[in-house]
Amino acid sequence: MEHIDWSLVNWSRAQFALTALYHWIFVPLTLGLSFMLAIMETIYVKTGDEKWLKIEKFWLKIFGINFAIGVATGIILEFEFGTNWSNYSWFVGDIFGAPLAIEGIMAFFMESTFIAIMFFGWNKVSKKAHLISTWLVAIGSNLSALWILVANGWMQNPVGMEFNPDTMRNEMHNFLDVLFNPVAVNKFIHTITSAYTFSALFVIAVSAWLIIKNRDKTYAKYSMLVASVFGFVAIMATIITGDGSAKQVAKYQPMKLAAMEGLKKGSRGAPLIAIGTPKIRKDKNLIESISDDLKGANQDEVEVTGFEIPYGLSILAFNDPNAFVPGVDDLVYGNKEENIPSYKERIASGRIAINALAAYKKAKKAGDDMEAGKQLKTFKAHFKDFGYGYFDGKDMKELVPPVAITFLSFHTMVILGTWFLVFFVLIYLAVMKNNIEKKKWLLRLGILGMPLGLAAQELGWITAEAGRMPWVIQDLMPTMVASSHIETSGVILTFFLFLIVFTALLIAEVKIMLTTIKNGFSN
Amino acid sequence: MFEALSYESLQAYWWFIIALLGGILVFMMFVQGGQTLLGKLSSNEDEKTVLINLFGHKWEITFTTLVVFGGAFFASFPLFYSTSFGGAYYVWMIILFAFIIQAVSYEYRKKKNNFLGAKTYETFLFINGVIAPVFLGAAVSTFFTGSQFSVDKSRIVNMKSNVEAVISQWETPWHGLEAIWTTQHLAFLQNLALGLALFFLARVIALLYVKKMVADENILNKAQKCLKRNSILFLIFFLFWTVRLLFIDGFAIDAETGKVFMAPYKYLHNLLEMPLVLILLLIGVVSVLWGIYTGIFKNKTNAFWFVGVGTVLTVMAVFFIAAFNHTAYYPSTYDLQSSITLANSASSKFTLVVMSYVSLMVPFVLAYIIWAWKSMDNHKISIKEIKQEEIKY
């Protein structure tokens, strides 16, 4: 591209990031709490113990307050693919649209139909019908996560499709490949189990506060018991799938892994940085580095220092202590020994693909089938580098993700996840030994778990999405080519409107939720 | 099963699904209609609470139908999705904002410490109730009056700039808002008429739902008065739009060359050349009119269903007129050959086949919605009952 309207692209990115990050404040609680509600109601129906009904109804109120704002922030995301990423919608709509439509038909209707019964149907349907409705809300919510993550997984690792030069878009050839895309399957399990983890942390935080305030202690302890077991199972699954995610990133998005680890130069037996800080240039501090990162400056000069685990990264990425893990430099400048082409070569190859496609269209229009066939052959040979062709190669930083942000997000998320594992065990033991009331420090940590859990959620998404920059579809379409043809001022206007509206609604949600929690189980 | 269908048949099948979803969406917008009548139908807080709960138990189905409508359009006709949403940016953003503020309003309105106050949330509901039908109606009307955009798929290999590489480009800075002031062929009148027709129809269906479901004399008396007025206004705008539609030039596709051209009385011809669609339209319109008549003069509670089903059938017929019989369903007045048709906007055959299998779930979805609806609406609601409910809006 000779002239990129970066302001339009960046404001569109900012708007999408804003809506996605706001949306994800509320979704994890919906995903996890819906299952916890189903478990609590099942215990109530099985035992007939009214105590569980009271617990269920309290958490149901919390669920309702959170669900409403989750819906409000969610609607915009689906439509933003069209409003702000019009080229993207055509270029891959044939594949990407299907999971979104299936999500609506299969999941949203289930969720929205049975939620009315879950909230208002207590006296209108039988106990069993109500319980089934609660389970269906949980299943519907989680199914919706499945389909959107299938779509997202496909953006990270596009499979099951082929480019059609006549329609100028990618078309689906194998639905099962798209659905069972290893990145999507792993991503789904990792995301929902991390959401369950957050829900468990939320329930523990509220319960801990009630115990500190000497309120509804019995109900709070029962809630904690369910949450600590649920949370422990969830965080274990999150950690296992997190390992799987790292291996897939190493295989399909090596630049993202290099950014996650701040790895400048690759090596065999690469070490894993357990704790460290990124530094882009020696004359800059961390804040300046992040600021540069956001501006897209100097990523190719990144350096990370910290405590290293020898061979850790090679084992993490490839289960082999001597495996080669490429760094930013290896990918940008190439590494002949390891057979890695440079970005310059890939840009040249991508240019050939784009020019061949243009020549193919021209020949087709002119009715020159022979020339069209020749160009098509060239195009297909270079298609794997298609997206690189949109870069001019003058500034390699355009092809490197924001390393400091990706590194910090990833490492903070991992540290928090490890802490949650320990935390759930401590809570479980304290509740079972019936001495949690005495452990004020643990209760205070319990309250702190809620914001930390939310932070881990958001950091996970930042790692996944910032780390795949500059691609909207890995290697096929850079973000700068995906946007709509709209005025930047229009996007700035809607960005700030979203910011104001979402912030106002978030304040409302927090205030209502705190009031409901203060009222406790008894009111 | 679906593999045996031709590509054209699959496109038609998916247009049928889109039309069905569109019909259900318009019917379900009675929730929006009800939101604009909260003040008119209630004299005190108790009555308002009854109405809020009446419509509040259904708002999520309307909301979901809109989302699925968008998702299905994306999956089956992505060129429409990318052109209309990416082009008519302001129109869709206004509609989306209206739905964002609706989503929290039922839940938060009566909650303590709700930051913005009950009145604000009621205003949000009112804004959503006005904007959703008016803007969606005007947007659908542009299926017949056209919009100003250009489409060139080969732009994706244009290397000059990212803006010039965009396949679909809107050719006015107003990004869709011009639909309500475009004077060419009096398009603004037509677009506004359908928007207002939907607005008043949503109110009519909402009033019939109130008559069916509420056990409160005061509310019912007010609903009866409102019903007459809104029915008349609906009929004026709907008849104006429909009659005029039959006489305007339409966007036809040459079957031989695939070129789009203006054809006189195109939509009238579509009806005459597709007798099944004509019958569908007539059944739909008669059902709506019968429902309104029995609702006003016979006090029949099933009038709600007559108008509801009639609405779905009528909307489906309108969608069929827009796209079938060699018609461009999203025409461009800027460049006729950029107009969007079923053929040039559809997903690949493979994707349509996959999606068609998914569509087999629709009857199951409808079945559980009907079960849930019946369970929730098994008796009329009153102030007394609402007061006894532990969980309510």
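The values are calculated or read from the model by the stated rules, or taken from the named source; none is laboratory data. Computed from a predicted model, the values in this text were never measured in an experiment. Cβ: placed from backbone, ideal geometry, glycine included. Neighbour counts: every protein chain shown. Side chains are part of the model used for accessible areas, which takes the heavy atoms of the whole protein and leaves out ligands, DNA and RNA. Shrake-Rupley method; radii C 1.70, N 1.55, O 1.52, S 1.80 Å.
With respect to the conditions (1) of a type outside the set (Phe, Trp, Tyr); (2) within 14 Å of chain B (Cβ to nearest Cβ); (3) in contact (Cβ under 8 Å) with a residue 40 or more places away in the chain, A:THR515 lacks only one, and its number is (3). Residue by residue through the stretch A:315-334, note down the ones that are within 15 Å of A:MET396 (Cβ to Cβ) and open to solvent by 30 Å² or more (accessible area, probe 1.4 Å). Scanning the stretch A:315-334 gives a single hit, A:TYR333. Of all the listed residues (A:LYS221, A:LYS265), the sole one being basic (Lys, Arg), touching a residue at least 60 places away in the same chain (Cβ under 8 Å) and assigned to a helix (DSSP H, G or I) is A:LYS221. Residues considered: B:ILE18, B:ILE61, B:ILE24. Of these, the only one that is within 11 Å of chain A (Cβ to nearest Cβ), at pLDDT 95 or above, open to solvent by 10 Å² or more (accessible area, probe 1.4 Å) and in a helix (DSSP H, G or I) is B:ILE24.
Tell me, yes or no, whether the stretch A:194-203 has at least one residue that is touching a residue at least 24 places away in the same chain (Cβ under 8 Å), in contact with an Asp or Glu (Cβ under 8 Å, 6 or more places away or on another chain) and in a helix (DSSP H, G or I). Checked the stretch A:194-203: no residue is touching a residue at least 24 places away in the same chain (Cβ under 8 Å), in contact with an Asp or Glu (Cβ under 8 Å, 6 or more places away or on another chain) and in a helix (DSSP H, G or I). Exactly one condition in (1) touching a strand residue (DSSP E or B) at 6+ places or on another chain (Cβ under 6 Å); (2) open to solvent by less than 10 Å² (accessible area, probe 1.4 Å) is false for A:PHE163; which is it? (2) is the only condition that A:PHE163 fails.
Residues that are farther than 30 Å from A:LYS256 by Cβ and either open to solvent by 10 Å² or more (accessible area, probe 1.4 Å) or polar (S, T, N, Q) (or both): does the stretch A:455-473 have at least one? No, every residue in the stretch A:455-473 fails to be farther than 30 Å from A:LYS256 by Cβ and either open to solvent by 10 Å² or more (accessible area, probe 1.4 Å) or polar (S, T, N, Q) (or both). Determine if the stretch B:147-170 includes at least one residue that is on the phi > 0 side of the Ramachandran plot and open to solvent by 60 Å² or more (accessible area, probe 1.4 Å). Taking every residue of the stretch B:147-170 in turn, none turns out to be on the phi > 0 side of the Ramachandran plot and open to solvent by 60 Å² or more (accessible area, probe 1.4 Å). The criterion of at least 2 residues that are closer than 30 Å to A:THR218 by Cβ is met, among helices (runs of 4 or more DSSP H) falling completely within the stretch A:419-523, by A:440-466, A:488-519. Filtered by the rule that a residue be part of a helix (DSSP H, G or I), more than 7 Å from chain B (Cβ to nearest Cβ) and farther than 30 Å from A:PRO158 by Cα, the stretch A:95-137 gives A:MET118, A:LYS127, A:LYS128, A:ALA129, A:HIS130, A:LEU131, A:ILE132, A:SER133, A:THR134, A:TRP135, A:LEU136, A:VAL137.
The residues of the stretch B:114-136 that are polar (S, T, N, Q) and either touching a residue at least 12 places away in the same chain (Cβ under 8 Å) or under 18 Å from B:LEU25 (Cα atoms) (or both) amount to a single one, B:ASN128. Contact map, the stretch A:119-142: first residue in contact (Cβ under 8 Å) with a residue 40 or more places away in the chain, second residue open to solvent by 10 Å² or more (accessible area, probe 1.4 Å) and not in a helix (DSSP H, G or I), Cβ cut-off under 8 Å, separation 6 or more or different chains; pairs are A:PHE119/B:ILE391; A:HIS130/A:TRP122. Against the numbered list (1) within 14 Å of another protein chain (Cβ to nearest Cβ); (2) crowded, with 18+ Cβ neighbours inside 10 Å; (3) in contact (Cβ under 8 Å) with a residue 40 or more places away in the chain; (4) of a type outside the set (Lys, Arg), A:ILE492 comes up short only at (2). When the residues of the stretch A:356-386 are filtered to those that are of a type in the set (A, V, I, L, M), touching a Phe, Trp or Tyr at 6+ places or on another chain (Cβ under 7 Å) and free of Cβ contacts under 8 Å to residues at least 40 places away in the same chain, the one that is farthest from the other protein chains (Cβ to nearest Cβ) is A:ALA372. Of the residues B:THR83, B:THR142, the single one that is among the β-branched types (Val, Ile, Thr), crowded, with 22+ Cβ neighbours inside 10 Å and touching a strand residue (DSSP E or B) at 6+ places or on another chain (Cβ under 7 Å) is B:THR83. Here A:VAL92 passes the criteria (1) within 13 Å of chain B (Cβ to nearest Cβ); (2) crowded, with 24+ Cβ neighbours inside 10 Å; (3) over 25 Å from B:VAL151 (Cα atoms); (4) under 21 Å from the mean Cα position of the chain (by Cα) except the one numbered (3).
In contact (Cβ under 8 Å) with a residue 60 or more places away in the chain and within 30 Å of B:LYS349 (Cα to Cα): is that true of B:GLU8 in this structure? Yes.
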